[in-house]
1. Name the residues in the stretch 118-140 that are surrounded by fewer than 17 Cβ atoms within 10 Å (Cβ to Cβ) and outside any helix (DSSP H, G or I), would you?
2. Give the residue, chosen from Gly336, Gly298, that is at pLDDT 70 or above and exposed (fewer than 14 other Cβ atoms within 10 Å of the Cβ).
3. Name the residue that is farthest from Lys47 (Cα to Cα), counting only residues in the stretch 163-192 that are open to solvent by 10 Å² or more (accessible area, probe 1.4 Å) and without any contact (Cβ under 8 Å) to a residue 40 or more places away in the chain.
4. If a residue must be part of a loop (DSSP other than H, G, I, E, B) and surrounded by fewer than 16 Cβ atoms within 10 Å (Cβ to Cβ), how many such residues does the stretch 356-396 contain?
5. Take the residues in the stretch 419-451 that are out of contact with any Gly (no Cβ under 7 Å at 6 or more places or on another chain) and among the acidic types (Asp, Glu), then tell me which one is nearest to Ser516 (Cα to Cα).
6. What number goes with the only condition from (1) open to solvent by less than 20 Å² (accessible area, probe 1.4 Å); (2) out of contact with any helix residue (DSSP H, G or I) (no Cβ under 7 Å at 6 or more places or on another chain); (3) modelled with pLDDT of 80 or more that Leu73 does not pass?
7. (1) farther than 27 Å from Ala75 by Cα; (2) open to solvent by 50 Å² or more (accessible area, probe 1.4 Å): which one isn't true of Val213, the others all being true?
8. Being open to solvent by 40 Å² or more (accessible area, probe 1.4 Å) and outside any helix (DSSP H, G or I) is true for just one of Leu447, Leu441. Which residue is that?
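The values are calculated or read from the model by the stated rules, or taken from the named source; none is laboratory data. Just so we're clear, the structure is a prediction, and the values are computed from it rather than from any experiment. Methodologically, a virtual Cβ is constructed for each residue, glycine included, from the backbone with ideal geometry; neighbour enumeration extends over all protein chains shown. Accessible surface is based on the protein model in full, side chains and every heavy atom, while ligands, DNA and RNA are left aside. Shrake-Rupley method; radii C 1.70, N 1.55, O 1.52, S 1.80 Å.
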Amino acid sequence: MLPKTKLKIKLNSSTYVIIILAIVFNVAFYAYVYKALVSLTDQLISKAVNAGTIASESLIKQKDIEVDILAKLDALADDSVPLSDKLDILNSYKGKKEMLRIFLVDANGYAISNYGEELNFKSYDFFKRALQGSTSISEPIYSYHEKIWVTAAAAPIYNADHRVKGALVVFYDIKELRDVVQNIDIGVDTVSFITNTDGIVVVGNAEEITKAVTSAGTIPKNKEGFQSLRNLQYRAIELLNGTGEYTYNGVKKYAAFERIQDSNWILVVAVPVENVYRNINYLSYTITVVTVCVVCIGIFFSLRSGRLNKNLAVEKTKMSGVLDSANMFSIELDAGRKVIQANRNFLRHTGFTKHELTNINLVDIIPENYKNDFYTIVNKIMNEEATNEIDIPIVTKDGTLLYILWNSCNLNDKHSKAVTIEMIGTNITGIKEYEQKIQRLAYFDQLTGLNNVTFLSEYANSIIASGSKKRMAIIYLDMDNFKYVNDMFGHSVGDTFIVDIFNRITSIENEKVKVSRHGG
């Protein structure tokens, strides 16, 4: 009987050892996955905020570029062109429905729109910045003509002496900015809004924001039920970038915020804390139950591993979905610059399949004149320097150019050595094409296709500024009695005559001789 008793004790001791090992292993395993899920959740919210700020920055820059280029039109600087003609020209450029009204403003703030309304912008900050030579976009202001909230973009207008003579102001519908905020979705009850550093809420997507904000756009200090939200707003204003929490209707919410570059606006994104830690709480419950069932320890390892991988895959899918919904590109490269993976948005726009792209070195689909910029990015990232807003286009599968504004960083291993490079980009092809179109209108005569007087002025000034001692001559030709040609034969004949004359003159044009037309 004694040997059997010893054997029973030995078996019980082994069981205890297995139980202790199982508990130790599961606690360690839980701690590891807990940390991974917390980190992944934080990345998810931070990437949502970053994607939103990049989309907002691109939208603001697009408006600045549009207004700045329009302000450089020859006719606006030419005092001999009647005001009515200038307004007609501006009206012809109002091609976008978001471009509601265009105002010509003199140095005293007196403004007249392309529809004939008169206003005075003298007291507005965006007009004052334009007089100082800066292009900017305003906070939302209420348009009594449109009966909606709008933003005003202002750019300086220069005279022939390159001095500011006034400003061009364009009213834009705020709908595009509101769409950017509403498209940020990282789960149930996502709250997102933009506030400026003066405490004014620009746009928001949730009922709690609309209820908290007064007609002046602020969250009052003592408004019942919204003190916690106001505290978060002022934390964002103070820190500009970071995280925080607030409580609304008894629900605690976790928030991340980031300043929109080149503006005093801050994007805030928040989700209920319960949503953030739902997977973590579920993990804790599951491991506790499975640990008690040590008899099934082998099955536990298999099932738990699959479930954790599924959780991580779901979180990564959500992260990718945020970028896709914001029309963003996301690619990951290894240290040799070879593509590891890319999101659906990048594949759809470039035309490559996932299999084709993973066999491509990214530098192979970058235009030759941009490859040095790409190598510069890679070197900075390998030295643990993040890069912001680098314009590098991609050659798509069908050979067209896709212009992309990139932000990049590295993902380090435990020894802080760069393992992969993550690049997030915004498609700015439309902005580039629109900019090129407007640039051509600004620097080329529409009838003859020649350079106009704005180009000639900048070209001559660049030669003078370079300090070159080479001689330079300017020959000004005029056609006498040209008015009689138009009066007798009509403007179409006059235009044909002008084109024919300039076709002959341009036969002498070369790298040392520039020909331009002074219209009007």
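1. Within the stretch 118-140, Glu118, Asn120, Lys122, Ser123, Gln132, Gly133, Ser134 qualify.
2. Gly336
3. Going through the qualifying residues, I end up with Arg163.
4. Taking the stretch 356-396 and keeping what is part of a loop (DSSP other than H, G, I, E, B), we get 358-360, 366-367, 383-386, 392-393, 396.
From the residues that got through so far, the ones that are surrounded by fewer than 16 Cβ atoms within 10 Å (Cβ to Cβ) too are 358-360, 367, 383-386, 396.
Count: 9.
5. Applying the filter and picking the extreme gives Glu435.
6. That leaves (2) as the condition not met.
7. Here Val213 meets the rest and fails (2).
8. From the options Leu447, Leu441, the qualifying one is Leu447.
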